[in-house]
Structure formats: structure tokens, C-alpha cells
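Structure first, commentary second.
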Amino acid sequence: MFDKILIANRGEIALRVERACKELGIATVAVHSTADADAMHVRLADESVCIGPPAASESYLNIPRLLAACEITGADAVHPGYGFLSENARFAEILEEHGVTFIGPTPEHIRIMGDKIQAKETAKKLGIPVVPGSPGAVTSNDEAVKIAREIGFPVLVKAAAGGGGRGMKVARTEEDLPSALSTARAESKAAFGDDSLYLEKYLTRPRHIEMQVMGDGKGNAVHLGERDCSLQRRHQKIMEETPSPALNEAQRRKIGDTVAKAMQDLQYRGAGTVEFLFEDGEFYFIEMNTRLQVEHPVTEMVTGIDLAIEQIRIAAGYGLSFTQEDLRFEGHAIECRINAENPTTFRPSPGKISYFHTPGGLGVRVDSGVYAGYTIPAYYDSLIGKLIVHGKNRNECLMRLRRALGEFVIDGIETTIPLFNSLIQQPDIVDGLYDIHWLEKFLQKH
């Protein structure tokens, strides 16, 4: 097992990984920018290293400084969390070259799944169903028109190197396509330095269903059930639940078995998530994230498996601590992402937290790195915490969520708690009848 793990991240995920390390008896190193000197993950780590000024490019994304922090502290492994360098294959390679273990998949798998076109081709070969679309990057507008006619409008123009909704445009008709292509190309070039685009069939009312997977890198792999992440704004998830109210047992078992077998064939190592659109009983692969997801706690609540501990064990060569047959899915779990934002305009709301009270009681978990007196910096993502609730069934879970939201008090800044209070009153949410467009329509009306 590792002696010391450096956590190349910040906020709630850094704290989450620290907790896993402490339970395994592993010393921790927190890295931080000057803006995060007072952060909770820095306070609770065994050691901390300042790696630069507030800008992420000069701190959390600065590979030479992270490597120097490993050398200074003698860390023998790095956990990247999510975001930042978690899906950077070159970072994983550099660490390995310097004798430091990257707690995650192989650089090769990160690279394959990081390229949307290659990921789709790989998924197809592994027997995973995919969305109809272009076989590769489209090289001209004429080629795009030809492919779009074959798969049928509306179509989705997507950046091959994309994520987070950037470089993504819908063309509802042939006339819309040239404009969608030029806008997506410009966005993709600006965001990722790569203007390669591909086309996919645009599904009109799909759910966003993702499967949590875990592999040991030696051909053993399992799935840990699905998460429904259909409540989204601008392609950003805000609330997730498991199991999905949209799936029946047969559908759940079929896609789970398909994904687990694919990961076995790929000899995938560590935690990952295979994401699908689901419409009219059919699954369509959209991408794979080769890291721990923000919403991983809902899976932990229903399986009782600590995914961060499992990641560390696998990276240390211990393999999976359970088999597919060992897994038991108990009850229902829902997560709300609490952001430092205005709940109606979604304008970021950095600043000092004057009062912070988290809910408690049976089946309630809060993952957060903030505290009363802490100042949320303006330089990073607005996520300040996650409220996760678990119940015997979905109805109990919703009632518990309502109760927990009522207890959650954060003063001094604006948060999205009022939005969730409103959402859980909506009949469509209570009945589980929502798709990926539902939230955008709801926000337009309100």
C-alpha cells in the first residue's frame, strides 16, 4: 500500500479523497493555490504545499509544480480527483516516468476515451450501443450535409475534444447546419485548441443514464448500477439519482452486463463512468469519463462501497475487493449539487460565508469543503457542496431530501438551495417524469 498520497485537487473532492486515505492509514499531501490557503482540505491534510497563484493554469493545472510537490514531500502516488488533470493522459505518463503512481486508468485508456470519435469507435467494437452519427470527424460542410441527411434531422454537432457542453450545437434543419458547424468549430478551437467536429442524431426527449464501472486492469471488471443525471442546465448536471425511475429491471441488467463485459475486454483499470442517452427503451453511448464523478456518492449510498478507497486499492495492485455477485443495491439515493450561485440567474456568488449549518439525521450525507468564516474564491467552479440522501425507496428518499433541504442554512452568499426546494415540489420530479430538456423548460417558465 502507498505511504503518502498527494491529492492534485481542491474543494470537496480533495477532502473526500483525504478521508479515504485516512481510513486506509495513508498520509496525505494537500496542494493549494494562494487563494486556497485557508481551505478545509489544506487544514486537514498531514502536509500541504502551495503550488502557485490563484489562476488554475499556474497552480492546479501546472504539472511541473505538482511534480515538484511530490518530490518535496516524498509522495508515492497522486489522486487527481475530478476536473483539472484527472483526464490528462500526459500527466499520468509523466508521473509514471518519475516513479509516482497515478491513481486512475492507464494513459492509453484516458487518451482513447478523451477523444469522442475514438471513444465511440472503441465502444462500438466492445459491443456498446452508440448514437447514429458520422464515422469520424467531418472534413467539410458538404460531407456534414450528406451525413446529416442519412441519419435524419435534427442533428447534434459536437466537438471531438469537447466536454461541458462547449462546441455543441443543434441543427434542426439543413439550413441550420452551416451556422451550427461554424459556431461549434470556433467554440471548440477556443476551448480545446482543436476544431474537429462530428455529427450525431439528436434525440428529442432522452434521459441521461450513466453506468458506474470499476476494473482491476487485469480483466476483472464490474458495474455498480446506473445513475440518472437528466436534470441538467446547459449540459451541466445539477441533481442525480439512483436507481433511475425510467428503467425496469431487465433494461438495468442488460446494460449493466454489457458495460461490465466491455470493461473486462478493455482490461480497464480503476473507476470510470460510461454515459448514455436513453430513449424509447434504447441506450446510446455518448462518452466515457475515466475518473471519479461528482455524483459518485449516490452509488456509494446504495451499494455501501467506498469508491475512493477502491480506486486506491486497485492502483496499489490489490485488485477489486468484491465481485459482481457480492454487490447488493439497497434503496434509493439522490444528490443535489449546491452551488454558490444566484438560484434564478445562476450568476456566481463568491464571498465570505457568515453562517453554515448542514442537515443531519439518518440517511443524510453532506460532502463539502466549506465552513463558517470561509471565503469562496472567484477563480474556480461554483460547487461548494453536495447534499446526498438515502432512503428505503424513492418516496422516502424525496421526503428525506425535502426535510434535509429545510435544515441546510448557508448565509453570506447566494446558493442554489432555493432552486432545489422548488424542484422537489414539481409533480414531474416527484413522479420521475423528466428528461434532459425538462429543467431548461422549467427555468424559462419561472
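The values are calculated or read from the model by the stated rules, or taken from the named source; none is laboratory data. Note that the structure is predicted; figures quoted are calculated from it, not measured. Note: ideal-geometry Cβ built from the backbone for every residue, glycine included; neighbour counts use all protein chains shown. Ligands, DNA and RNA are excluded from the accessible area calculation, which covers all protein heavy atoms including side chains. Shrake-Rupley method; radii C 1.70, N 1.55, O 1.52, S 1.80 Å.
Tallying residues that are more than 18 Å from the chain's Cα centre (by Cα) and of a type in the set (Lys, Arg) within segment 261-320 yields 2. Just one of (1) without any contact (Cβ under 8 Å) to a residue 60 or more places away in the chain; (2) under 30 Å from Ala250 (Cβ atoms); (3) surrounded by fewer than 22 Cβ atoms within 10 Å (Cβ to Cβ) fails for Thr303. It is (1). At least 3 residues being more than 21 Å from Gly317 (Cβ to Cβ) is the threshold, and among the strands (runs of 3 or more DSSP E) wholly inside segment 1-118 those reaching it are 27-33, 47-52. Restricting segment 393-413 to residues that are more than 16 Å from Thr358 (Cβ to Cβ) and more than 25 Å from the chain's Cα centre (by Cα) leaves a set whose member that is least open to solvent (accessible area, probe 1.4 Å) is Glu396.
Examine segment 59-79 for a residue that is surrounded by fewer than 15 Cβ atoms within 10 Å (Cβ to Cβ), at pLDDT 95 or above and in contact with a Phe, Trp or Tyr (Cβ under 6 Å, 6 or more places away or on another chain), and state whether such a residue exists. Full working, then the answer.
Step one: of segment 59-79, the residues surrounded by fewer than 15 Cβ atoms within 10 Å (Cβ to Cβ) are 63-64, 68, 71-72, 74.
Right, trim to at pLDDT 95 or above and you get 63-64, 68, 71-72, 74.
If we keep only those that are in contact with a Phe, Trp or Tyr (Cβ under 6 Å, 6 or more places away or on another chain) too, we end up with 63.
Yes, because at least one residue in segment 59-79 is surrounded by fewer than 15 Cβ atoms within 10 Å (Cβ to Cβ), at pLDDT 95 or above and in contact with a Phe, Trp or Tyr (Cβ under 6 Å, 6 or more places away or on another chain).
The test for being open to solvent by 20 Å² or more (accessible area, probe 1.4 Å), of a type in the set (A, V, I, L, M) and in a loop (DSSP other than H, G, I, E, B) does not hold for Ala250. Among residues of segment 342-365 that are closer than 30 Å to Gly304 by Cα and in a strand (DSSP E or B), none has a beta-carbon under 6 Å from a residue that is β-branched (Val, Ile, Thr) and modelled with pLDDT under 95 at least six positions away or on a different chain. Is it the case, given these coordinates, that Ala148 is in contact (Cβ under 8 Å) with a residue 12 or more places away in the chain and open to solvent by less than 30 Å² (accessible area, probe 1.4 Å)? Here the answer is yes, as Ala148 does meet what is asked.
Entry remark, segment 128-142: residues being surrounded by fewer than 16 Cβ atoms within 10 Å (Cβ to Cβ) and either modelled with pLDDT of 95 or more or in contact with a Phe, Trp or Tyr (Cβ under 6 Å, 6 or more places away or on another chain) (or both) number 1 in total.
Which residue, of Glu108, Glu121, is open to solvent by 50 Å² or more (accessible area, probe 1.4 Å) and more than 19 Å from Glu200 (Cβ to Cβ)? Show your work before the answer.
Values: Glu121 fails: more than 19 Å from Glu200 (Cβ to Cβ).
Just one listed residue meets the conditions, Glu108.
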